[in-house]
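Before any comments, here is the structure.
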Amino acid sequence: MDFGNRRVHNRLGPAPGAASSSSSSGKVCHHWRAGRCNRFPCPFLHSELPEAAANSSRPNQRDGPGAGGHVWRNPNSGGGRGGGSGGPNRWGRGPGGADVAPRNRVQDRPCKYFLAGEHCSYGERCRYPHTYCMSNSITLLTPLQGHEQVVTGIALPNGSDKLYSGSRDGTVRLWDCQTGQCAGVLKVGGEVGCMISEGPWVFVGMPDAVKVWNMQTQAEMNLTGPTGQVYALAVGNELLFAATQDGRILAWRFSAATNCFEPAAALEGHQLAVVSLIVGGMRLYSGSMDKTIRVWDLATLQCIQTLSDHTSVVMSLLCWDQFLLSCSLDKTIKVWAATESGKLEVTYTHTEDNGALALAGMPDAQSKPVLVCSLNDNTARLYDLPSFSDRGKIFGKQEIRAIQTGPGGLFFTGDGTGELKVWQWVIDASQT
């Protein structure tokens, strides 16, 4: 697998089960497992031992790196969010959760020169790790460079062998899954505020519009109606929803007769810009700069509840199991659960040291549910659910604004410099 990048090759190492000529110890490199080995050659294995691989429960391993030379694969399923169950009394109860020290005691931050892409004069003698993550559960596969401003959306359309990314630089980039190289650049005529995919469709939020592509038919549409930037998009009950800068949520329904999207409704109630949307069951949840979350019935498109527990912008929302998770610049992640009356109430609040920007849920290499939450200190935190046990940190050159789950234990992040990174969940010996 050749990306023209020795560091990436070193991280991936030989094919699973194949030892390098210098790996005579028969031991697996723990730096490789953590995604931060920079020794070349390394005296330890850069692959799991055959016995461990045979007994592991990593999901869809055939879709991961090394399968047919792919950087990643994008089958019709884009991977799922972590499932599982857990009553309110299980939230925040694990090691590294609300009031317990993290399990893995490592340096607080990597080398600042390494993170900035500058030369570190200490090299291998540097007391700070030269790594973009501090976790035994993930490894960095490769960076994807090309955007000139912050990445605001990442999407994997069904049936496509391309990864799509959108940026405030006014472009959408297509990345080839075979090589990891940029396969095309689309200039969309305005800052990309968000991006999602649903089936073969790719939706891009822009100032005063939503741009739509069908990857199967090559159809392209421009949906007008929004006022100002479109910050978030969601699909539910056969409707496309767009969160706009003027506080409205616009809805369109696809018409097979006209082969286009027809305006269906405008949901009003927020006092300031709507910046986050998520659909769960027959509910649409919207987070706003007015510090509230509104709950909308998808059958009637009426607001049925307003949640006012956050004290700053509600930046991101996530539905997991029977719970709603929200994060805010007020430095909290809140978990909401329905009461007997059907109303949502906060059942757990997790406090961070910095404002929270984006949430994503996904399974780890052992199919356990994990939460990834990016913060405005240029990091993203990894937590077990529902315990909020600490699983490590990801470090960006600037704020990580986009997180997207992928198939086969992969996920993608995009930061303020315009750089994307491809990550792989790996077996963590401390979790077995």
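What is the Cα convex hull volume of region 336-432 when expressed per residue in Å³?
Here the figure is 121 Å³ per residue.
List the relative contact order of region 302-410 as a percent without decimals, with contacts defined as Cα pairs under 8 Å and 6+ residues apart.
Dividing the mean separation by the residue count of region 302-410 yields 17 percent.
Enumerate the aspartates and glutamates that Lys368 could reach by cross-link, defined here as Cα to Cα under 19 Å, with residues fewer than 8 away along the same chain left out.
Lys368 reaches Asp63, Asp321, Asp384, Asp390, Asp428.
Between Cys194 and residues 5 or more places away or on another chain, which pairs have amide H atoms under 5 Å apart, with H built 1.01 Å from N, and which residues are they?
Counting only residues 5 or more places away or on other chains, the set is Gly205.
What is the packing order of peptides 318-331, 344-357, taking the mean over residues of other C-beta atoms within 10 Å and listing the highest first?
Most protected by this proxy first, the peptides run 318-331, 344-357.
So who's got an amide H within less than 5 Å of the one on Thr131, skipping anything under 5 residues away but keeping other chains? H placed 1.01 Å off N, in plane.
When sequence neighbours closer than 5 places are left aside, the close amide H contacts are Cys111.
Peptides 188-196, 135-143: what's the order by average Cβ count within 10 Å, highest mean first?
Descending mean neighbour count gives 135-143, 188-196.
Report the extension gain between Asp377 and Thr179 in nm, rounded to one decimal, defined as 0.36 nm multiplied by the number of residues separating them, less their alpha carbon distance.
Numbers: separation 198, 0.36 × 198 = 71.28 nm, distance 3.16 nm.
Full extension of this stretch gives 68.1 nm more.
Can you tally the net charge around Asp208? Count Lys and Arg as +1, Asp and Glu as -1, for every other residue whose Cβ sits under 12 Å from the Cβ of Asp208.
-1
Please report the carbon-and-sulfur percent of the accessible area for region 203-260; probe 1.4 Å, protein heavy atoms only, DNA, RNA and ligands left out.
46 percent
What's the ranking of 204-210, 234-240 by average number of surrounding C-beta atoms within 10 Å, highest first?
The most tightly packed comes first, giving 204-210, 234-240.
Tell me, what ³J(HN,Hα) does each residue in region 189-201 have, in order and in whole Hz, if you take phi through Karplus 6.51 cos²θ - 1.76 cosθ + 1.60 with θ = phi - 60° and put x for Gly and Pro?
Ordered by residue, 3J(HN,Hα) equals x, x, 4, 7, x, 5, 7, 9, 10, 9, x, x, 8 Hz.
Gain in length, Asp208 to Ser121, computed as 0.36 nm per residue apart minus the alpha-carbon separation, to one decimal in nm?
Extra length available between Asp208 and Ser121 comes to 26.5 nm.
Which log10 I(q)/I(0) values, to two decimals, does region 124-189 give at q = 0.21 Å⁻¹ under the Debye formula with one point per Cα?
-0.92
Mind checking which lysines have their C-alpha under 19 Å from Lys334, skipping anything on the same chain fewer than 8 residues away?
Lys291, Lys343
For Ala337 and Glu262 in the same chain, what is the full-extension length gain: residue separation times 0.36 nm, less their Cα-Cα distance, in nm?
Details: separation 75, 0.36 × 75 = 27.00 nm, distance 3.43 nm.
Going from the current span to full extension adds 23.6 nm.
The values are calculated or read from the model by the stated rules, or taken from the named source; none is laboratory data. In this text, all values refer to a predicted model and were calculated from it rather than measured experimentally. We place every Cβ from the backbone using ideal geometry, glycine too, and count neighbours over all the protein chains shown. These accessible areas exclude ligands, DNA and RNA; they are computed on the full protein's heavy atoms, side chains included. Shrake-Rupley method; radii C 1.70, N 1.55, O 1.52, S 1.80 Å.
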